[in-house]
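One structure below.
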Amino acid sequence: MGSFELNTTISNLRSLLESDLSAYDAVYLGNIYCRLFEDNFLERMDDLKEGITRVKDQGLRAYVTSYAAPRNDALPKVQMALETAAAAGADAVEVHNLGVLRMVHEQFPGMAAHVGGFANVYTDAGAEVLKEYGAVRFTPNYEISLDEVESITRGAGMPAEIQVHGKMPLGVSDYCFLLEYEQHWPEKCPVLCQKQLFLKQGDWAMRSVGKGVLSGKDLCMLEHLPALVAAGHRVFRIEAAYETPAYRLQIGQVYRAALESAVAGDGTVDESAWQAIREHTAVGLCNGFYFGRTGSEYVGKRVEAIAACG
Amino acid sequence: MSGRPENAKSHLQELVTMFAVTPRRDITHRLREQLGANLGMEPIPGYGPLQASPLSTAKGCGIEAPKGCAMLLAPAGTLEAAKQAFQAGADAVYVGLKGWSRGGARGEFDREQLRQCIELAHALGKKVQLAANIIPKPPERQRLLQQLSELADWGLQAVILNDAGFLREVRRKLPGLAITASIGCGALNTDDALFYQDLGATAIVLPGYLEPEEIAAIKARASIQVEVMLHMVQEFIQLGKCWMPSYVHFAAADRIFPAQRLGGSVKRGGVGTCFRICQQPWTLVNDGVEADQRLFPSRQISRVGELAAFLDAGVDVIKIQGRSLSAEMASVIIGIYRSATDAWKCGQKGEWDPPALPAMWTVQGR
């Protein structure tokens, strides 16, 4: 790995083929919420194998994610995805479910495991347990602060992956209520959840993806990258499982440039970067959790950017 | 542990005798009359301030099921609820200790109430499980561990924990205390059960929307006890996997329980931070156009009608959700599950049609 890693998420082969990944160092393949998501990599082993190969052919690291909340009926497919990941040379698997972490540890002992945000890493003690099960990095639970993240990384001796942009996962469900709308809308499952659907109440909103709820606002840490780098963080994620290839490319380019500047000791961000972020933000920006605040708040100097997005 | 005065011991003996000879329907009233304040909020004479004890080596026996049948585990948000739960047929109750249980301050006991509850349970041959299922701040782990050690000395048999790291620490330092991995751990499958079994958990709580076949598959591979919350509200987001409340408003838990709890969602122990976001009306906006006004789907699960299938699958503990339920409401629910469990035990598997719960107790919401 170079001086830092910038990665993103892609749910299926179509989206992978449409995406310009030149801004990234690594890609997570698969959709963690729903087995029925359109051509989910995690259900189509040939696609997954091809995806891993295509990502690696571009000189990037290929990671395979796994379901956030699998019941027993999903485990055989999880097993197949892990086998495919191992056989195709994936660089790591991401696990959100501790049972799946155990599967990886028991059956694929050489495979690096990245612990995902739904695994609920809140404390150094919890992270230490997962490290013993082969975890080499973790995404902290989304609602904890950077101070808490630091105490975990220091206590557990394991690096954190920090989501720096995109919609934050806020919950996962066993039930897709969007299916109730299939009779009324032209779109059907499995593309229904890819519509721009927001749940709004008053002046705030959340994005619905059927079995998952994401933040309506885009998490944005652009102006805080120098602080993240200074704190020792080197792995950054742009969450884009439900975003367009254009989003993935342009937001990726913004963060690549800003991270390179931050690593070089230059904290300035070109104004065009904020313009790109505004263009790809539907209801605003947030980052409050990282600062011990309400998640939908934005902490930073770019007040005008928030106003423009709101 | 401090000794209990002789008159109090004989008082408990009377209580035990009363349970043995009195029809259940009469007991609650007589409990109130005979025990009065002694088993209420007043401290028990002879008990001084609690002393810190070294980490306990007490050998708890867990809340293992009676031979041949699952245990019925009921919620108790008050001492009165615990009494009525036992009277209604619960084999054990789970209670919260003030400041340390998931879900906030609703239905938590202070230490004295907890001690009385443990003693009542022991006297009746019943058991108590303590919900200490917040995720403590790292500096507070030792304090909670010390509390658990003292409670184990009192005779507490089992504790419900939430964080994998703390769970392992408790297992190592309090080897005699049975540990249940909270429903907030989000376990759903066989490998989850094996994971918590590896860590030393005695039991794991699974949500009641799993099917008997899933329970059977878990029991076929895992030796850990399986508790299934067969009576619960299934909210849209899975328990332990929801941060919507703190996205909307991050409550400063420290103001209520200074230094003890992490702030944030219910999962991590935030106090009063579940604003029932999922039970408020939302506008569903489709590509910028209002498409619907709606609530998140949620439902009351009451699987008493399928209890035999769950028991056949090997469920060890039938768990009923709701420390915030009134004692009267909980008692009726417990009674129905008791009857159904006893019928299964008597071999009335296919012949017995369990009574339905009153409609008012099966509506959505808690």
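Read-outs: derived from the displayed coordinates by stated rules, not from any lab. Fair warning: this is a prediction, and the values are worked out from it, not measured in the lab. When we count neighbours, we look across all protein chains shown, and the Cβ atoms used for this are built from the backbone with ideal geometry, even at glycine.
Details
- Counting 0.36 nm for each residue step from A:Arg278 to A:Asp203 and taking away their Cα separation leaves a gain of 25.2 nm.
- Of all aspartates and glutamates in the structure, the ones whose alpha carbon falls short of 13 Å from that of A:Lys200, not counting any fewer than 8 places away in one chain, are B:Asp287, B:Glu290, B:Asp292.
- Label point distance in nm, B:Asp110-A:Lys301, each placed 7 Å from Cα along Cα→Cβ: 5.2 nm
- Exceeding the 18 Å Cα-Cα cut-off - candidates A:Lys77/B:Lys241; A:Lys188/B:Lys241; B:Lys98/B:Lys137; A:Lys188/A:Lys211; A:Lys167/B:Lys241: A:Lys77/B:Lys241; A:Lys188/B:Lys241
- The range A:182-310, relative contact order in percent, only Cα pairs under 8 angstrom and at least six apart counted: 22 percent
- Membrane-span-like helices of chain A, defined as complete DSSP H segments with a Cα extent of 20 Å or more along the helix axis and a mean Kyte hydropathy of at least -0.5, are identified as A:245-263.
- Normalised by the number of residues in chain A, the average gap of Cα pairs under 8 Å and 6 or more apart makes the relative contact order 17 percent.
- MRE, 222 nm, helices only [DSSP H, n ≥ 4, -39500 (n - 2.57), over chain A, to nearest 500]: -10000 deg cm²/dmol
- Cα gyration tensor category, rounded, prolate or oblate, for the range A:22-169 with a/c compared to 1.5: prolate
- Extension gain, A:Phe291-A:Ala264: 0.36 nm per intervening residue step, less the Cα-Cα distance, totals 7.3 nm.
- Gain upon complete extension [B:Gln348, B:Glu211; 0.36 nm per residue less C-alpha separation]: 47.2 nm
- Within the range A:5-309, DSSP assigns beta bridges of which about 35% are antiparallel (rounded to the nearest 5).
- Between A:Glu271 and B:Arg221, the simple label model (points 7 Å from Cα in the Cβ direction) yields a spacing of 5.9 nm.
- The modelled label-to-label distance for the pair B:Lys98/B:Val289, using points 7 Å beyond Cα in the direction of Cβ, is 5.7 nm.
- Three-way shape label, chain A, alpha-carbon gyration tensor, a/c 1.5: rounded
- Within the straight-line cut-off of under 16 Å between alpha carbons, the lysines reachable from B:Lys345 are B:Lys67, sequence neighbours fewer than 8 places apart in one chain being disregarded.
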